[in-house]
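Can you keep this structure in mind? I'll have questions shortly.
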Protein chains: 2
Amino acid sequence: MLNKRIHVSILIFLFLCSEFLFCQSDPLPSWNDGPVKTGIINFISRVTDANGSDFIPVEDRNAMFDNDGTLWPEQPVIQGMFMISQLKKKIEQDPGLKENPTVKAVIEKDKEYFAEDAEKKVLDLLAITMTNMTEEQFDREAKSFFEEAIYPKLNQPITQLAYKPQIELLNYLRANGFKTYICSGGTVEFMRQITEQMYGIPPEQVIGSSFKYKFVDDGDSNYILRESQINAVNDKEGKPVGIQLATGKRPVFVSGNVRSGGDIAMMRFSQGSKYPNFQILINHDDPVKEFEYSEKDNYSLEMAKKYNINVVSMKNDWNNIFNFK
Amino acid sequence: MLNKRIHVSILIFLFLCSEFLFCQSDPLPSWNDGPVKTGIINFISRVTDANGSDFIPVEDRNAMFDNDGTLWPEQPVIQGMFMISQLKKKIEQDPGLKENPTVKAVIEKDKEYFAEDAEKKVLDLLAITMTNMTEEQFDREAKSFFEEAIYPKLNQPITQLAYKPQIELLNYLRANGFKTYICSGGTVEFMRQITEQMYGIPPEQVIGSSFKYKFVDDGDSNYILRESQINAVNDKEGKPVGIQLATGKRPVFVSGNVRSGGDIAMMRFSQGSKYPNFQILINHDDPVKEFEYSEKDNYSLEMAKKYNINVVSMKNDWNNIFNFK
């Protein structure tokens, strides 16, 4: 009987310990203590407190994450790497492509050529390399890219490149009833190949740029054909538009990064929410753990200051960036 | 000790009873026994059996439902009712609108006028009545419509019009891990006002037609402006396109109806899935419980025959359509 009592006491003791540990456990271990980490934790605890005035119903807890430079590196941009590898294949199939001025500029690494009308020229390249094929063909080609490609400088497979602090943040948000989305300038079907595996984000929660599609049914089989016309450019003011079309509501949490000013509009869209909301803007200021680069006109950081957007210093706020280091 | 044994026996007995009742309970009580009901139940049981060869992983169990004539009546089309009520308000604000030939034709009930270029003219009306406003304004107007409008012939509030057998089917699919979507020609934000309440389908699982949006930020407040240009017509071949853009995969279950041929393309898209798949086409052949009408050229029923699509006779397959009858 005594023996039994001791057993029970040990169990209760272990239970209390685990409770204690659980309550104290850090949901964001790769984040250093500081105002951003404290801000995130306070925000999430406020909006999930059903008795508080800041409570957000579960169905309205949408969190949007940019991808390039926010969830994985962008030096170089990974979809650009895919584009180049596709371009090589296309030129093998059709050497005449080398006469196309945009293709020629890529081969000759002619940066001057892209100084003007850069967006249009990149879209041309996207169209040459990723359209006039079925969705199934595209899926195969993107899949094989992700299986093989090695990221320069870091010398790692692409699938190893997710930022660890952001994975912790995604998990923390989801554990608190948030629905996590990607909202990126990358093309939607390219990202969908990898977002579940790398970030735990399913295909239907990926918002991106897209081409015009056409449904073709020959009575026997049928497929979606990717045409070479652009359907949506999901960048800058295009991001709130993409979010509205896909979800019908303003997000309450947004994470983006400094480089092109692409994420400010969706942060402002979030700030117009009727609920409390939180935005973080990642600054690439860590040449040791990742890369150091800034924005030409400093627009994003200026907007962050003006609109109380939280700036994350990769150097100071993150103690660890990649799993492989 | 004996007493304890009896207690345990009673508990086991009750447990077995409840198991038995649970197993025997009919998930589709408003559906009459017959090949369609049996087909649905067999399909769902096959694809959810983790040991069977027809198993579909949970993340690929997407079910698409058309809305008008599939989940609620379309005699008249409900978004058409909203359009007319909006048009009345717009004319009050701007009597000059009556000179617009399309508006004039509506006022004069000039069916001849709509015999040619009907689609373009309806889109014009949609643009006049539902654009050049912010999303917030539109939400308010649509909400007040749904609160007030009474459906003619049935003399019921719109919110009472969900087809009961389809609600049972939606619940049955969801209970088996399916994600249920609406994929309709109606405009996406109009449907989103009501799909959660009526069908348990959240806004982000509604795929529909849409207008071009523009994000406007004056630095103080910001909003999405609905412009009068069409972004996507989510009908016929537009449905597989909308599904691919929104979800990135082929659905394995599709429900549509006979009237305009609008649902065949998404059914064919589903039939191209690598998984087992199931399609049901609702035929409005019940003048007593609902309405009786058919398709001018009989296209949908012919396609159903050609491609083994299951036809639901409202008269024979459903024993009950509305909650209020």
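The values are calculated or read from the model by the stated rules, or taken from the named source; none is laboratory data. Here the structure is a predicted model, which is why all the values come from computation and not from measurement. Neighbour counts run over all protein chains shown; Cβ positions are idealised from the backbone, glycine included. Accessible surface is based on the protein model in full, side chains and every heavy atom, while ligands, DNA and RNA are left aside. Shrake-Rupley method; radii C 1.70, N 1.55, O 1.52, S 1.80 Å.
Please go through the stretch B:196-206 and give me each residue that is open to solvent by less than 10 Å² (accessible area, probe 1.4 Å) and either in contact (Cβ under 8 Å) with a residue 40 or more places away in the chain or more than 10 Å from chain A (Cβ to nearest Cβ) (or both), ordered by number. So that I can check it myself, show each step before the final result.
So the first thing to find is which residues in the stretch B:196-206 are open to solvent by less than 10 Å² (accessible area, probe 1.4 Å), and the list is B:199, B:201, B:206.
B:Y199, B:I201 - these are the residues of the stretch B:196-206 that are open to solvent by less than 10 Å² (accessible area, probe 1.4 Å) and either in contact (Cβ under 8 Å) with a residue 40 or more places away in the chain or more than 10 Å from chain A (Cβ to nearest Cβ) (or both).
A further question on this structure: State all residues of the stretch B:247-264 that are open to solvent by 10 Å² or more (accessible area, probe 1.4 Å), at the interface with another protein chain (Cβ under 10 Å from one of its Cβ atoms) and at negative phi; if no residue qualifies, say none.
Within the stretch B:247-264, B:K249, B:R250 meet the criteria.
For the list (1) open to solvent by less than 50 Å² (accessible area, probe 1.4 Å); (2) more than 20 Å from B:N234 (Cβ to Cβ); (3) free of Cβ contacts under 8 Å to residues at least 60 places away in the same chain, I need the number of the one condition that B:G80 fails.
(2)
Does the stretch A:311-321 hold any residues that are buried (at least 17 other Cβ atoms within 10 Å of the Cβ) and out of contact with any Asp or Glu (no Cβ under 7 Å at 6 or more places or on another chain), and which are they?
Listed by number, the residues that qualify are A:V311, A:V312, A:D317, A:W318.
Can you spot a residue in the stretch B:93-102 that is under 26 Å from B:M198 (Cβ atoms) and either open to solvent by 10 Å² or more (accessible area, probe 1.4 Å) or of a type in the set (A, V, I, L, M) (or both)? Break it down stepwise before answering.
Of all residues in the stretch B:93-102, those under 26 Å from B:M198 (Cβ atoms) come to none.
Scanning the stretch B:93-102 turns up no residue that is under 26 Å from B:M198 (Cβ atoms) and either open to solvent by 10 Å² or more (accessible area, probe 1.4 Å) or of a type in the set (A, V, I, L, M) (or both).
Of the conditions (1) within 11 Å of chain B (Cβ to nearest Cβ); (2) in contact (Cβ under 8 Å) with a residue 12 or more places away in the chain; (3) surrounded by 21 or more Cβ atoms within 10 Å (Cβ to Cβ), A:K212 clears all except one; give me its number.
(3)
Still on this structure: How many residues does the stretch A:215-242 contain that are in contact (Cβ under 8 Å) with a residue 60 or more places away in the chain, facing chain B (nearest Cβ under 8 Å) and either open to solvent by 50 Å² or more (accessible area, probe 1.4 Å) or acidic (D, E) (or both)?
Matching residues across the stretch A:215-242 total 1.
Would you say B:T38 is part of a helix (DSSP H, G or I), loosely packed, with under 12 Cβ neighbours inside 10 Å, within 24 Å of the chain's Cα centre (by Cα) and not acidic (D, E)?
Numbers: part of a helix (DSSP H, G or I): yes; loosely packed, with under 12 Cβ neighbours inside 10 Å: yes; within 24 Å of the chain's Cα centre (by Cα): yes; not acidic (D, E): yes.
Yes: the conditions hold for B:T38.
If A:R5 meets every condition in (1) modelled with pLDDT under 95; (2) charged (D, E, K, R); (3) open to solvent by less than 70 Å² (accessible area, probe 1.4 Å) apart from one, which number is that one?
(3)
For residues in the stretch A:110-135 being at pLDDT 90 or above and more than 18 Å from A:Q79 (Cβ to Cβ), which is most open to solvent (accessible area, probe 1.4 Å)?
That would be A:E112.
Quick one: count up the residues across the stretch B:174-194 that are free of Cβ contacts under 8 Å to residues at least 60 places away in the same chain, within 12 Å of chain A (Cβ to nearest Cβ) and part of a helix (DSSP H, G or I).
3
Taking the stated definitions as given, is A:I309 more than 13 Å from chain B (Cβ to nearest Cβ) and over 30 Å from A:N155 (Cβ atoms)? Can you show your working first?
Numbers: more than 13 Å from chain B (Cβ to nearest Cβ): yes; over 30 Å from A:N155 (Cβ atoms): yes.
Yes.
Checking A:S184 against (1) within 30 Å of A:K289 (Cα to Cα); (2) out of contact with any Asp or Glu (no Cβ under 7 Å at 6 or more places or on another chain): exactly one of these is not met. Which one?
So A:S184 meets the others, but not (2).
So in the stretch B:139-163, with the set limited to residues that are touching a Phe, Trp or Tyr at 6+ places or on another chain (Cβ under 8 Å) and not in a loop (DSSP other than H, G, I, E, B), which one is farthest from B:N234 (Cα to Cα)?
Top of the filtered list is B:Q156.
Now, a different point. Just wondering, is there one or more residues in the stretch B:266-286 that are within 10 Å of another protein chain (Cβ to nearest Cβ), touching an Asp or Glu at 6+ places or on another chain (Cβ under 7 Å), under 28 Å from B:S45 (Cβ atoms) and open to solvent by less than 40 Å² (accessible area, probe 1.4 Å)?
Yes, the stretch B:266-286 contains a residue that is within 10 Å of another protein chain (Cβ to nearest Cβ), touching an Asp or Glu at 6+ places or on another chain (Cβ under 7 Å), under 28 Å from B:S45 (Cβ atoms) and open to solvent by less than 40 Å² (accessible area, probe 1.4 Å).
Looking at A:A149 and the list (1) free of Cβ contacts under 8 Å to residues at least 60 places away in the same chain; (2) among the hydrophobic types (A, V, I, L, M, F, W, C); (3) surrounded by fewer than 17 Cβ atoms within 10 Å (Cβ to Cβ), which single condition is not satisfied?
(1)
Something else about it: Could you grab me the full set of residues in the stretch B:43-75 that are touching a Gly at 6+ places or on another chain (Cβ under 8 Å), of a type in the set (D, E, K, R) and more than 17 Å from B:T195 (Cα to Cα)?
B:R46, B:R61
Given (1) buried (at least 22 other Cβ atoms within 10 Å of the Cβ); (2) away from chain B (no Cβ under 13 Å), where does A:N171 come up short, assuming only one miss?
Going through (1) buried (at least 22 other Cβ atoms within 10 Å of the Cβ); (2) away from chain B (no Cβ under 13 Å) one by one, A:N171 breaks only (1).
Kindly establish whether A:M303 is closer than 30 Å to B:M191 by Cα, touching a Gly at 6+ places or on another chain (Cβ under 9 Å) and within 14 Å of chain B (Cβ to nearest Cβ). If you could, list the steps in order and put the result at the bottom.
Numbers: closer than 30 Å to B:M191 by Cα: no; touching a Gly at 6+ places or on another chain (Cβ under 9 Å): yes; within 14 Å of chain B (Cβ to nearest Cβ): yes.
So A:M303 does not fit the description; no.
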